[in-house]
Amino acid sequence: MTITRSLVPIAGLATGLFAGWVVFPTVLYTTVDQPVQFNHAAHTGNGAGMSCQDCHALGQDGRFAGIPGIHQCAECHEEPIGSSENERRFVEEYVQQNREVPWLVYARQPDNAYFPHVVHVHKAKLACETCHGKHGSSSGLRPYEMNRISGYSRDIWGSSIAGIKSQAWDGMKMDDCISCHSVHNNDRACIDCHK
Amino acid sequence: MQVTRRGLLKFAGASAAGILFSPLPWKLLDDIAIWTQTGPWIPKVPRGPLTTAFSTCALCPGGCAVEARCAGGIPYAMRAAVRHTAGRGALCPVGMTGHHLAYHPLRLSGASVIRRTSDQVETDSLSTQEAFDRILGALNTRPLATGVAVIDQRPGRTLSGQFRAFLAQQSPGYYIVPDDDRLRMHEAFSNACGKDGLSLGFDIERTATLLTIGTPVFDGWTRPARTAALLDRRHDARNPLKLIHADPRRTRTSVLADQWLPIAPGSETALVLGLTNIVMRDHPSLAARYVADLHTSDRRGMLDVLSLFTPGIVAKRTGIPVDTLEKVGSALAHRKPSMVIAGGDAAGPIDRDTHQAVAALNILLGSYGTPGGLLHRDELPMPATKMAAISTIGDVPDGSISLLIIDGEEMTCSTCWESIESKLSPDGHLVVSTSPFLTQLSAHADIVLPSPAPYETAAEVVGDPTDTVVSLSISTPLLPRKQGSVEPIELLNHLSGESVAMQELLKQRIALVHARGRGMIAGYQDGSGHRLSEFASADEIWSAFIEGAVWTSPPLHETPAHSYTLLGHSPNIVDRWAARAEGEPNGNGADGQVILLPTASSDAASCGRISPLMTKIYQESEVRPTRAHLVLHPDTGRRCGVDDGDQAVVQTESGSRHVTIRFSASLMPGVAQLSIGPDPNVSGKKSEFAGSDVFRNTLSRSPMAGVTAIVRRA
């Protein structure tokens, strides 16, 4: 009886830990599939040999174009290339109907954060992988994990629910920006990012 | 196994402890905190094409050119337009957040009646037509011998001309402008030169030695581009600037100047006259050139009074050593061009006698009318109509105003509510404000007719008043005008029974500029600008203005006067100057007594509301001292019985204020500094004005003279 009684708090502790470490992350994030699959690897490197900036271009005025519009995809994909179901659907549902793909952007920042790509890419000479990881060599798009409370992508917080970074690109919160700026001895004012 | 209440409690407690050792509570807090930034009340940047628009910042008279980055046609970021001559790529932090003001929480959504309760300022809405009718009723039924007044915080605009034309038809009608240092400087030079209507600018770009008397040249006195250029010139090998700043207060300019003269409070006149004495003694050629032409009586009086300001006496009065005074006098005489600037601080104007002494020293130094000194500014053309005379609040008889319209929301010391209140008729009055925000002077009004927020309407910007170059530009609208806002011209139309559109009036003024054919028009693509003759019509200039161009006109080449009256025809000025040779000692902290000096920020923040983002930065960083902090030397503080961080009360003969003590060893003993002016931390609350009368009696004195105050622990 004594042993059983002493197990009660241990069981409670274990339940709390299980709820916090296992149940909570599962409940917190909901996964949504991208509207259509996209193979970065087929376009870059040994695939079509394109660079990141061929599609995610920086304009002459330094403005980042973000995800390319459907007209840019249509330059090559006016007709399906290959016979995959994904390709057929992409061309028929989006390219031929001139309809933009409602991509779910893993790295989308809150509206109150202003991030100039041009300064980081051209001036600081940061590689795309520094913040976006190996996204450019992925063969498919993983499901978008959306935080049910904040509505943001899990990529903003990082893969570890505890907030422990495994890679430089794992997490895109303000703390991550600040720590990188501190490492490069480039402390900035609030107004630089919050316009 | 039996489930007991104790067992359940143990299980729940342990579960809670387990959760505490998991990321759940911390992640939950972090995610919920984001709701404060994503709530429905937070303005959202629309999704849409990214574009660039150009305009002019109208938050202060500086008129810096801005480049707005827009999403879906709505600006989300502001920065300086790099190649534009207006601003030359510089913009202050307040200007960078100017597009936030349309969403300011204290913005009024329509015509409002103001109610002042014990601790809040509240509003009742009424229709614009009802507000117009009440104001018209007050105009038509006002008691005999009482008049109508307009306080114009931004004189020189086309709208200012309309106000003056309207007031010229009233009997009496008072057109009131802030009683600032610029006005007093012009008075002093007009007195000395015998010329009326002078308009002078400071050619600081070419000055080699600059003595500033309390002028915050490095902190918002002029537009950011000029400030930055001035800061750079301190280290310029070819064209170096030596800035000597005299001020009993520790300000940013004191810190950044090449030399700070921490003069005793109220000793600025003695300093100027002492330096005049040194210049005349050591540089007889200067004295001969200018003094020989003086009227005999004037010359005798000047020399007599200067004999009272020997370096020894001035050193005793100001607390500045004799050899330092000699060196400053020598620098002014030798490192030419040199110039002396007095005042310009938002804490209040310097007294007229000091301005007269500064004008005399500038004339002796040859600074008046020469490059690197004070140059005559061109005048902005104004349509010729009968206009009310320009006056200051001090010119208006007490109890004589029954209808007061306050245009703009700035509350400088010279137009603070205490100075206005006594001018209102005790038999009934109506105060109308056109501020878009419920704050500062608008909180004292009876009715507020909110004008459009910055960038919601085409606002005229008449340029930096300290510059020798006169400019005119239009702050092009970047945002849709909010429903319920009222252009001040609409109110004037209703009162005068006319129907004129602001845009037509602006076009008329631009036509006058075009007809004169003087100056240049510079746009965003071509910073060098084009001559007016290159524009075939005024409509072409208007089109350029709408795209963000600015008209500039260089200083006039007027021949300086040959004869001066350094005493400025001012009755008894010799006696008043002589009295400045001896002064009151600083407070020594005994019995808690100190000399209390007001400080105020002179940048765009003092001209009105600032973005909540800037409020947060100010609060967290203490970049700007708030009204809640009393700064004093540690020794003075200990003698007053207070310590750093203590809550205290500062009491003057006119009021008291609760403050938090801040020690600063760089402040001179016996004085204390207290910030005045708008306090964003308490905006919209009646406490914004609590304790604002501690400086009421400084209005007739220089802010550098201060007032005697007692500091005690709360």
**Request:** Order the peptides B:237-243, B:139-145 from the highest to the lowest mean number of other Cβ atoms within 10 Å of their residues.
**Result:** B:237-243, B:139-145
**Local net charge near A:I81, Cβ-Cβ under 15 Å (Lys/Arg +1, Asp/Glu -1)** = -4
**Asked** Sorted by accessible area (1.4 Å probe), largest first, how do B:T310, B:T434 line up?
**Response** B:T310, B:T434
**Asked** In square angstrom, rounded to the nearest 10, how much accessible surface does A:W103 have for a 1.4 Å probe?
**Response** 60
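I'd like the FRET efficiency for B:R713 and A:A48, computed as 1/(1 + (r/R0)^6) with the beta carbon distance as r and R0 of 60 Å, rounded to 0.05.
Numbers: r = 76 Å, r/R0 = 1.27.
After rounding to 0.05, the efficiency reads 0.20.
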**Fill in**
Dividing the mean separation of Cα pairs under 8 Å (6+ apart) by the residue count of chain B yields a relative contact order in percent of 18
**Fill in**
Classified through the alpha carbon gyration tensor (a ≥ b ≥ c as square roots of its eigenvalues; rounded if a/c is under 1.5, else prolate when a/b is larger than b/c, else oblate), chain A comes out oblate
**Asked** For A:C52, what accessible area in Å² do you get when you roll a 1.4 Å probe over the heavy atoms of the protein chains, rounding to the nearest 10?
**Response** 50
**Item:** Two-site label geometry, B:H557 and A:A14: point separation in nm, points 7 Å out along Cα→Cβ
**Value:** 9.7
**Prompt:** Rounded to the nearest 0.05, what FRET efficiency do B:R79 and A:M174 have when you use their Cβ-Cβ distance and R0 = 22 Å?
**Reply:** 0.55
**Request:** Could you state how much accessible area A:R108 has, in square angstrom rounded to the nearest 10, with a 1.4 Å probe and all protein chains kept in place?
**Result:** 120
**Complete:** With the 8 Å Cα cutoff and a minimum separation of six or more residues, chain A has a relative contact order in percent of 26
**Prompt:** Of the accessible area of region B:179-290, with the probe set at 1.4 angstrom, what percent is carbon plus sulfur?
**Reply:** 50
**Request:** Give the accessible surface of chain A per residue, rounded to a whole number of Å², with probe radius 1.4 Å and ligands, DNA and RNA excluded.
**Result:** 62
**Asked** Which net charge results when you count Lys and Arg as +1 and Asp and Glu as -1 among the other residues whose beta-carbon is under 13 Å from that of B:V3?
**Response** +4
**Message:** What aspartates and glutamates does B:K44 reach when the alpha-carbon gap must be under 14 Å and sequence neighbours fewer than 8 apart in one chain are set aside?
**Reply:** A:D111
**Complete:** Cα convex hull volume per residue for chain B, in Å³, equals 209
**Once exposed loop GluC sites (Glu not before Pro) are cut out (DSSP; at most 15 other Cβ, 10 Å), longest piece of chain B** = B:1-378
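Summarise the accessible area of chain A (1.4 Å probe, protein heavy atoms) by the percent that is carbon and sulfur. Can you show the working numbers first?
On the way: 7090 of 12030 Å².
Carbon and sulfur: 59 percent of the exposed surface of chain A.
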**Message:** Could you put B:R6, B:R580, B:R712, A:R188 in order of accessible surface area, largest first, with the 1.4 Å probe and the full protein assembly present?
**Reply:** B:R6, A:R188, B:R712, B:R580
**Complete:** For B:Q169, the net charge from surrounding residues (Cβ-Cβ under 12 Å; K, R +1; D, E -1) works out to +1
**Prompt:** Given a Förster distance of 45 angstrom, what is the FRET efficiency for A:S160 paired with B:Q120, based on the Cβ-Cβ distance and rounded to 0.05?
**Reply:** 0.40
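Hey, got the dipole for region B:181-376? About the Cα centre, +1 on K and R Cβ, -1 on D and E Cβ, debye to the nearest 20?
The dipole magnitude comes to about 320 debye.
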**Asked** Could you give the nm distance between label points at B:W35 and B:S533, where each point is 7 Å from its Cα heading toward the beta carbon?
**Response** 6.9
**Message:** Along the charge dipole of chain B, pointing to its positive end and built from +1/-1 on Cβ of Lys, Arg, Asp and Glu, which listed residue (B:P371, B:S442, B:L243) has its Cα farthest out?
**Reply:** B:L243
**Accessible heavy-atom area order of A:H120, B:H334, highest first, probe of 1.4 Å** = B:H334, A:H120
**Item:** Between A and B, accessible area buried - total, square angstrom, nearest 100, 1.4 angstrom probe
**Value:** 3100
**Message:** For peptide A:16-28, what's the mean number of Cβ atoms from other chains within 10 Å of each residue's Cβ?
**Reply:** 5
**Prompt:** Where in chain A lies the longest segment free of GluC sites (Glu not before Pro) that are both loop residues by DSSP (not H, G, I, E, B) and have at most 15 other Cβ atoms within 10 Å?
**Reply:** A:101-195
**Residue-wise HN-Hα coupling along region B:71-80, computed from phi with Karplus coefficients 6.51, -1.76, 1.60 (Hz; x: Gly, Pro)** = 10, x, x, 10, x, 10, 8, 10, 8, 6
**Message:** Per 0.36 nm of contour for each residue apart, how much would the distance between B:E653 and B:D395 grow if the chain were fully extended, relative to their Cα-Cα spacing?
**Reply:** 90.4 nm
**Prompt:** Fully extended, how many nm does the chain gain between B:H334 and B:S127 (0.36 nm per residue separation, minus their Cα-Cα distance)?
**Reply:** 68.1 nm
**Message:** Before I look further, what does region B:181-376 give for accessible area per residue, probe 1.4 Å, in whole square angstrom?
**Reply:** 33
**Asked** Which pairs, out of A:K125/B:K27; A:K134/A:K165; A:K134/A:K173; B:K242/B:K336; B:K316/B:K336; A:K134/B:K27, put more than 21 Å between their alpha-carbon atoms?
**Response** A:K125/B:K27; B:K316/B:K336; A:K134/B:K27
**Asked** Put simply, what bits of region A:122-169 lose 10 Å² or more of accessible area when the other protein chains are there, versus the chain on its own (1.4 Å probe)?
**Response** A:N147, A:I149, A:S150, A:Y152, A:W157, A:I161
**Asked** Taking the Cα centre of the protein assembly as shown as the origin and placing charges on Cβ (Lys, Arg +1; Asp, Glu -1), which of B:S533, B:M387, A:V22 is farthest toward the positive end of the dipole?
**Response** A:V22
**Prompt:** With the Cα gyration tensor of region B:181-376 giving a ≥ b ≥ c as the square roots of its eigenvalues, does the rule (a/c under 1.5 for rounded; else a/b larger than b/c for prolate; else oblate) give rounded, prolate or oblate?
**Reply:** rounded
**Asked** Once label points are set 7 Å from the Cα along Cα→Cβ at both B:R234 and B:E547, what is their separation, rounded to one decimal in nm?
**Response** 4.0
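The values are calculated or read from the model by the stated rules, or taken from the named source; none is laboratory data. A quick note: this is a predicted structure, and the numbers were derived from the prediction, not measured. Backbone-built Cβ (ideal geometry, glycine too); neighbour counts: all protein chains shown. Ligands, DNA and RNA are stripped out before the accessible areas are found, and what is left, the full protein with its side chains, is counted by its heavy atoms. Shrake-Rupley method; radii C 1.70, N 1.55, O 1.52, S 1.80 Å.
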